[in-house]
Amino acid sequence: MAKSGSSVVVVGGGVTGLSAAWWLARSGVEVTVLEKGIVGFEASGRNGGGCTHYQSPLFHEEQRLWPQMDELLGYPTEHRSGRIVFQVDERKANFHEGLAMRIPAGYAWEVLDGKQVRERVPLAGDNAISGVQLHFGGHANPQRTSQAYAWAAQDHGARIRQHVAVRGFEMAGGRVSAVETSQGRFGCDALVIAAGPQTGQLAAMLGHHLPMAPARAEMIVTEPLPLMPMGGVDGHGLYGRQTLRGNLAYGGGPHEWYDDIALESPPPRPSGSVLRGLAKRVAELLPRAAHARVIRSWAGVIENTPDGRPVIERLSSPDNVTLATMSSVGFGLSPASGHAIRDLVVDGVCSFADLSKLSLARFAELSPDWRRELNWLPPETAAASQGASR
Amino acid sequence: MKLTLPAPDRFSIAGKTATPDERAEIVVIGAGPAGCAAAIEAAKAGAQVVLIDENPVAPGLIGMDVPLQYGGRATPAVQTPERLVERVLEANPALGEAFELGVDVRLSTYAWGAWVNGPGLRGLATGIIGLADETRSWTLGFDRLILATGARDLNLSFAGSDQPGVMGAQALHALIARYGAFAGRRLAILGTGSLALDAAELALAHGLEVAALVEAREAGVGDPARLAALAAQGVEIIAGHVPLAAEGGPDGVTGLVLANIAAPERHRHIDCDTVCLAIGAVPVIELFDVLGAKRTLVTERGGHVPVVGADGGTSLAEVFAAGDCTGLGSDAVEAGGAAARAALRSLGRPAEAELPRLVPPGPDALAYQLDWARALLSTGGPEVLACICEDVTRGELLAVQPPRYLGWSSNAIARRDLGTLAEDGPLDQDQIKRLTRACMGACQARRCREQVALMMALGAGVPAQSIPLAGYRAPVRPLPLSVLADADEPAAMAENWNVWFGIVTQWISYDDIGTEREAEQLRAGMPY
Ligand SMILES: Cc1cc2nc3c(=O)[nH]c(=O)nc-3n(C[C@H](O)[C@H](O)[C@H](O)COP(=O)(O)OP(=O)(O)OC[C@H]3O[C@@H](n4cnc5c(N)ncnc54)[C@H](O)[C@@H]3O)c2cc1C
Ligand SMILES: Cc1cc2nc3c(=O)[nH]c(=O)nc-3n(C[C@H](O)[C@H](O)[C@H](O)COP(=O)(O)OP(=O)(O)OC[C@H]3O[C@@H](n4cnc5c(N)ncnc54)[C@H](O)[C@@H]3O)c2cc1C
């Protein structure tokens, strides 16, 4: 319903909000992104860069858009097409059978034996037993992509306001008329809330229950190695890629649930506690890279809804608000999620995919005790080591 | 719409953190004067103490300028670190004393990470250090941790400074005094502050030639008496100049060309085989940052330092600190003793609360470094590398250009630079790092972190103090995957390792939601 000339405020400068802003700005909508920190500094700039989400209703649009993104944005995303996933553990030798149930028709992929894996992945070793090569999907550089959305949105007239924390909303006539922030009030005709793990807290201020739990996940990165023909290589309990510079960047393994995180300050992101488990698996997956030096680790904080599925919804009340959380797989889908949000804001309905099954309504009957029931709880701190901060 | 929920989570970190391989009451990291004093004091009080130090450092790291900027001027003696151990012990009698007192001394051992329970990290049974040697890694639990990690070199680059022969003053001290393994003969030293004077005196005392001390400011900044004494020994003090280029041959530096800052077309030439950077030293705060200890910028103590009380206590109850890592200029031995006593008291052991003397503030290190950086930029221009590992020039940094290997150019990106970025909010070094790759390299930004921040301040015309520190993260030493790999992972980790959250419902195709195919996939579980 937001027409050209009307103004949309997007809360959250992660890939979801930034892509939405870019799509809106391209449609001639006046849009302002409010980001409490720096664009792409949370999960959006800290992820594995995977762009292969065949479970999603946005999948076809994800696949259609990525190969064009550099050109559409005018800035590099480092997107590369295709993926190889392979295994080194006998118990997972037939993992492609599980994939066969899931990959939609019309997308080409092939099963590889160990030898074929070694031919295509020079860093793989004798332990490679089976793999698949997907002739779709791919990966991109999350940090470059986040900034690319922000810059491209600006090039279309969007305003990106960093270091502006949203803390409340002003209502008028049953609609949100302004956003209250650490830097004053921003009037709006329509509002998009794409604040990652904080989306639930902000939705609650509008009387909506969007259940979510934040968690921390980690990745490690090595020094650069000679480029493999394909960078999008993972498996063995890892996700990640070889960057175009040659670094191996991989994540996977245990996450740590948080109780909650602050609305206005950055979440804590300590890293390194899963580093040795990651190093072990990267060395097992790519034995010819076992000598590579690990030069950094990092952690990102991610959103998850109870069923792990997104919510992308234009609310009926207040009816000028669109909520979007991607439930921990939002980077790859961002070209498409932004498009969907743009459609919801401007036209009230997504033009290219049915999103009805992702409605908030599905959580109406959710037990209030869901986090305990799902065991989505922070580890208990051992009494002996309560490290009281002074 | 019916809600399908996944099974209870068994893939989170809860219950998967292994008990540390070893345990100690007090762990001290760093066996310089501060760390040795701390270990000795703690051992005398009867505490069980482990003292960790990375020296002698493995040749591979020395070649990468980790932890100090050795600049390819180590003799072949560093190729056999085991043979240097004796030399290291000889140079540091306090280590022997610690050993005599029953301190468990571990040399050639890297502390690559340290964690205590805190925001975002719960569930540790104890504080943990990640340790490694050349072949394996392991964990050490502690009741109290004393960090005495010293200072490292500050690098400011100029043309040709990425060749052997350009090194740091800390590395010079390490190679001469600790290893007896310095390969240079004739030095030009950059800077005239106390660090430069120390370096010059050290070199002369070891029979080396010091051709000159070079100073960007208009006159020497250090103690006039010491400067005069050096001049009397034939060391030229050349003020108002900065290096324009290091000349070199197959063995690295053969000379240094200086530019007169006031008249940059006027050059001077110095014959030397080594250029020693002694403009500043950087407190080694990596582990404080990994631990999540509070830090602050104290320019008269050398830069970013942990917030430390007079007794050496940090913002974390179980972590103490002493020596150069808390800020330059303290009496390391006194501070080490005080930190140990504070740690002992916090453990309920009797120890006097005898505090070290107050440290008088030193000169404003940041202002001095900025003067150098400004002069180097104005004389050397934009082509000089700001980040060696990632091959990023000053010009590319200031223009916020994507790395050259992407082969990317567009009008849109040409319009972007530090200035346009600054319009969107205060500049952040981590953001610049992600965009230009400056500071992303294998040296873990030891050679470029400070100069990139200085260049950013100059390029955007903002105060150097306003650039936030680019954070440090584990592993704080670049160690191989095979070394860091957990060879003896707990079963709970191995059995319940998932590629992502292991939320089965997350991966079911949208079209299948609410159909029989959904049930089928739920039964089959995660594909991988
Ligand atoms: C280690 C890791 C690996 C991952 N791997 C992949 C992968 O390979 N592929 C993939 O598709 N996904 C991956 N993800 C998930 C993906 O990163 C996220 O789903 C995605 O980035 C979410 O984007 P977002 O914009 O919705 O949220 P975020 O990136 O969290 O952005 C939300 C923004 O809102 C801001 N904000 C919050 N509250 C406020 C407020 N009150 N006022 C103003 N601003 C506010 C935050 O500061 C933040 O910048 C991974 C995540 C992590 C952490
Ligand atoms: C040019 C020059 C001349 C000097 N001349 C003198 C002199 O004449 N007399 C004198 O007494 N001192 C001299 N010094 C030494 C200097 O004064 C002392 O180093 C200083 O007092 C600081 O001591 P410290 O214990 O804080 O740190 P340091 O002596 O720097 O010790 C810190 C130690 O911790 C180790 N370390 C850091 N991080 C890790 C990690 N993660 N894992 C394992 N190990 C780690 C370091 O490698 C180092 O060995 C000189 C130094 C220089 C640069």
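The values are calculated or read from the model by the stated rules, or taken from the named source; none is laboratory data. This is a predicted model, so every value here is computed, not measured. All Cβ positions, even for glycine, are placed from backbone atoms using ideal geometry, and neighbour counts span all protein chains on display. SASA here: full protein model, heavy atoms, side chains in, ligands and nucleic acids out. Shrake-Rupley method; radii C 1.70, N 1.55, O 1.52, S 1.80 Å.
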So the angle from the long Cα axis of helix B:194-205 to the longest Cα principal axis of chain B, reported in degrees to the nearest 10, equals 70
Of the accessible area of the protein assembly as shown, computed with a 1.4 Å probe and all protein chains kept, carbon and sulfur make up a percent value of 52
So the FRET efficiency between B:Ala412 and B:Val85, C-beta based with R0 = 51 Å and rounded to 0.05, is 0.35
Sequence order, region B:172-186: Karplus ³J(HN,Hα) from phi using 6.51 cos²θ - 1.76 cosθ + 1.60, θ = phi - 60°, Hz rounded, Gly and Pro as x, gives 4, 4, 4, 5, 6, 7, 8, 9, x, 9, 9, 9, x, 10, 9
Here the residues of region B:323-347 lying in the modelled label zone of B:Asp223, meaning backbone nitrogen under 16 Å from a point 7 Å along Cα-to-Cβ, are B:329-332
With DSSP loop assignment and no more than 14 other C-beta atoms within 10 Å, the trypsin sites (Lys or Arg not before Pro) in region B:165-195 are B:Arg185
Longest principal axis of chain B (C-alpha) makes with the long axis of helix B:33-44 (C-alpha) an angle, in degrees to the nearest 10, of 60
Sorted by chain and then number, the residues having a modelled amide H within less than 5 Å of the amide H of A:Asn304, at least 5 places away or on another chain, are A:Ala213
Per DSSP loop assignment and a cutoff of at most 16 other beta carbons within 10 Å, chain A keeps its longest run without exposed GluC sites (Glu not before Pro) at A:1-263
Chain A, Gaussian network, Cα under 10 Å: of A:Ile193, A:Ile220, A:Ile295, the residue fluctuating most is A:Ile295
Counting only backbone N atoms under 12 Å from a point 7 Å out along Cα-to-Cβ of B:Glu201, the residues of region B:170-186 in range are none
Note: probe point = Cα of A:Ser359 + 7 Å toward Cβ; backbone nitrogen < 11 Å; residues of region A:315-345 passing the test are A:316
Loop-resident trypsin sites (Lys or Arg not before Pro) in region B:1-76 with no more than 13 other Cβ atoms inside 10 Å, DSSP not H/G/I/E/B, are B:Lys2
In deg cm²/dmol, rounded to the nearest 500, the helical mean residue ellipticity at 222 nm of the protein assembly as shown, built from -39500 (n - 2.57) for every DSSP H run of length 4 or more, is -7000 deg cm²/dmol
The answer for the net charge of residues other than A:Leu210 whose Cβ lies under 13 angstrom from its Cβ, with Lys and Arg +1 and Asp and Glu -1, is -1
Amide H proximity to A:Ser56 below 5 Å, modelled H, separation 5+ or other chain, gives B:Tyr510
Partnerless cysteines (no other Cys beta carbon under 4.7 Å) identified across the protein assembly as shown are A:Cys51, A:Cys188, A:Cys350, B:Cys36, B:Cys272, B:Cys276, B:Cys325, B:Cys389, B:Cys439, B:Cys443
Rounded to the nearest 10 degrees, the helix A:334-347 long axis (Cα) sits at an angle to the longest Cα principal axis of chain A of 20
So the FRET efficiency between A:His291 and A:Ser7, C-beta based with R0 = 56 Å and rounded to 0.05, is 0.55
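Over region A:1-153, give the accessible area per residue in Å² for a 1.4 Å probe, as an integer.
Roughly 32 Å² per residue, with all protein chains present.
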Of all GluC sites (Glu not before Pro) in region B:325-391, the ones in DSSP coil with at most 13 other Cβ atoms within 10 Å are B:Glu352, B:Glu354, B:Glu383
Note, B:Gly327: beta-carbon cut-off 10 Å, +1 each Lys/Arg, -1 each Asp/Glu, net -1
Relative contact order in percent for chain A (Cα pairs under 8 Å, 6+ apart) equals 23
Where a ≥ b ≥ c are root eigenvalues of the Cα gyration tensor, a/c under 1.5 meaning rounded, otherwise prolate if a/b exceeds b/c and oblate otherwise, region B:426-528 counts as oblate
In debye to the nearest 20, the charge dipole size for chain B, taken about the Cα centre with +1 at each Lys and Arg Cβ and -1 at each Asp and Glu Cβ, equals 540
Across A:246-257, the residue-averaged tally of Cβ atoms belonging to other chains within 10 Å stands at 5
Looks like chain A, by Cα gyration tensor root eigenvalues a ≥ b ≥ c and the a/c under 1.5 rounded cutoff (else prolate when a/b is bigger than b/c, oblate otherwise), is prolate
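Taking every residue in B:425-434, how many Cβ atoms of other protein chains lie within 10 Å of its Cβ, on average?
4
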For region B:128-137, Karplus-derived ³J(HN,Hα) couplings (6.51, -1.76, 1.60; θ = phi - 60°; whole Hz; x for glycine and proline) come out as 10, 10, x, 10, 7, 10, 6, 10, 8, 10
Computed ³J(HN,Hα) along region A:275-284: with the Karplus parameters 6.51/-1.76/1.60, θ = phi - 60°, integer Hz and x for glycine or proline, the list is 4, 6, x, 5, 4, 4, 6, 5, 5, 6
